[in-house]
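Student: My structure is below; once you've seen it, I'll send some questions.
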Amino acid sequence: MTVLEMLKNDPDNPNLYREAGEALLKEDRVDEAIALFSKGLILNPFDAAMRYRRGRKYIGRKDYGVAASDLKLAAMLDPENWRNWYYQGVACYLGGMFELARIAQERCLTLIKKHDPKSIPASVDWNWMILMRLGRRDEAQAVLDNVYPGMEAEDGDYLARTLLYKGYYSPDNFVEDRMKEIQNADRARSYELMLSYGLANWLHYQGKDEQAVPLLKKLAESPDNRNLFAVSQASQDLTALGVPFNDPTR
């Protein structure tokens, strides 16, 4: 019996809504999964895992306020789970709530150091971006002390980006050279996009928009990976700069 069949027989069991929603996510049936999570949260609004799952999917929908509120509650219910803080920070950043993003990612980095050191570069990257957006450049530079060449990292693109910010890598041929080092071929395209955004964002903060803008336009006009952070943020950055671009979804 599948979990969806079990749910039909036991429609008042909130755990089954969570499990069924997670099963649907594996089939990329996101809208149906969100609907099930929402029903499950009516029965148990304090299910941290279900809040987390729904919050992450609302980020993909670009509904950042709802995503942040779900992930904030998830973090309050399960404060030792760094992912609740991490994605709360992501949602707040994308929604323009930069001070809230800073608080969430600062807490995330503290937890990651204790529980999942391989994920340090990812949180360092977000902390850097948030602090730069807030104009706190000295603090942004200081957070880079947490990364170094050769460290074990879950996401090589985040490590490469933070080492660029730190000055270890040259911006010249940055994306091309780092792509030669990729170890997960299944992520090649998203890896390329993430590296490109990291470079474009760094160039912007160096006052080199003449180099940053063409990279941002290439990202914003990408026909694929439309829900990837790098693509979404490039679109937002261009809009903030007043630079027109062609959205392939319109």
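Student: Compute, for segment 206-246, the length of the dipole vector about the Cα centre, with Cβ point charges of +1 (Lys, Arg) and -1 (Asp, Glu) only. Units Debye, rounded to 20.
Tutor: The calculation lands at about 40 debye.
Student: With a ≥ b ≥ c taken as the square roots of the eigenvalues of the C-alpha gyration tensor of segment 85-184, please select rounded if a/c is under 1.5 and otherwise prolate if a/b is larger than b/c or oblate if it is not?
Tutor: Since a/c reaches 1.5 and a/b is larger than b/c, the shape of segment 85-184 is classed as prolate.
Student: Short version: ³J(HN,Hα) in whole Hz for each residue of segment 137-153, in order, from phi by Karplus 6.51 cos²θ - 1.76 cosθ + 1.60 (θ = phi - 60°), x for Gly and Pro, what are they?
Tutor: Running phi through 6.51 cos²θ - 1.76 cosθ + 1.60 with θ = phi - 60° gives 5, 4, 5, 4, 5, 5, 5, 5, 5, 7, 10, 7, x, x, 5, 5, 9 Hz.
Student: Where Lys and Arg each count +1 and Asp and Glu each count -1, what net charge lies around Q88 among other residues with Cβ under 12 Å from its Cβ?
Tutor: Neighbourhood net charge equals +3.
Student: When only C-alpha pairs under 8 Å and at least 6 residues apart count, what is the relative contact order of segment 1-75, in percent?
Tutor: Contact order relative to length: 23 percent.
Student: Another question about this same structure. Run the reach check for K114 against lysines, Cα to Cα strictly under 28 Å, same-chain hits fewer than 8 apart removed. What comes back?
Tutor: Reachable lysines: K57, K72, K166.
Student: Then there's this: Given Cα pairs under 8 Å that are at least 6 residues apart, what percent is the relative contact order of segment 118-218? The partial results should precede the final answer.
Tutor: Working: 92 pairs, mean separation 22.7, N = 101.
Result for segment 118-218 is 22 percent.
Student: By its C-alpha gyration tensor, with a ≥ b ≥ c as the square roots of the eigenvalues, how is segment 135-216 shaped: rounded for a/c under 1.5, else prolate for a/b larger than b/c, else oblate?
Tutor: Working: a/c = 2.06, a/b = 1.15, b/c = 1.79.
Because a/c hits 1.5 or more and a/b fails to exceed b/c, segment 135-216 counts as oblate.
Student: Of M151, M129, how do they rank once you tally other Cβ atoms within 10 Å and put the fewest first?
Tutor: The most exposed by this proxy come first: M151, M129.
Student: Here's something else I'd like to know. If a/c stays under 1.5 just call it rounded; otherwise compare a/b with b/c (prolate if a/b is bigger, oblate if not). Do that for the chain, with a ≥ b ≥ c from the square roots of the Cα gyration tensor eigenvalues.
Tutor: Verdict is prolate for the chain.
Student: Okay, which of segment 154-173 sit inside 18 Å, backbone N to the point 7 Å along the Cα-Cβ direction of A142?
Tutor: 166
Student: Show which aspartates and glutamates lie in cross-link reach of K118 when reach means a straight Cα distance below 19 angstrom and same-chain residues fewer than eight apart are skipped.
Tutor: Here the aspartates and glutamates satisfying the reach criterion relative to K118 are E80, E106, D145, E152, E154, D155, D157, E181.
Student: Local charge sum around L219 (other residues, Cβ-Cβ under 15 Å, Lys/Arg +1, Asp/Glu -1)? Before the final figure, lay out the partial values.
Tutor: Details: positive: R161, R189, K217, K218, R226; negative: D157, E192, D209, E221, D224, D237, D247.
Local charge sum for L219: -2.
Student: Report, in debye and to the nearest 20, how large the dipole of segment 67-171 comes out about its Cα centre when Lys and Arg carry +1 and Asp and Glu carry -1 on their Cβ.
Tutor: For this selection, approximately 220 debye.
Student: Which longest uninterrupted range of the chain lacks any GluC sites (Glu not before Pro) assigned by DSSP to a loop state (not H, G, I, E or B) and surrounded by at most 16 other Cβ atoms within 10 Å?
Tutor: Answer from the scan: 81-151.
Student: Would you mind working out the magnitude of the charge dipole of the chain relative to its Cα centre, with +1 at each Lys and Arg C-beta and -1 at each Asp and Glu C-beta, to the nearest 20 Debye?
Tutor: Roughly 400 debye, rounded to the nearest 20.
The numbers here are math on the coordinates, done by the rules we state, and not lab data. None of the values given here were measured: they were computed from a predicted structure. Note: ideal-geometry Cβ built from the backbone for every residue, glycine included; neighbour counts use all protein chains shown.
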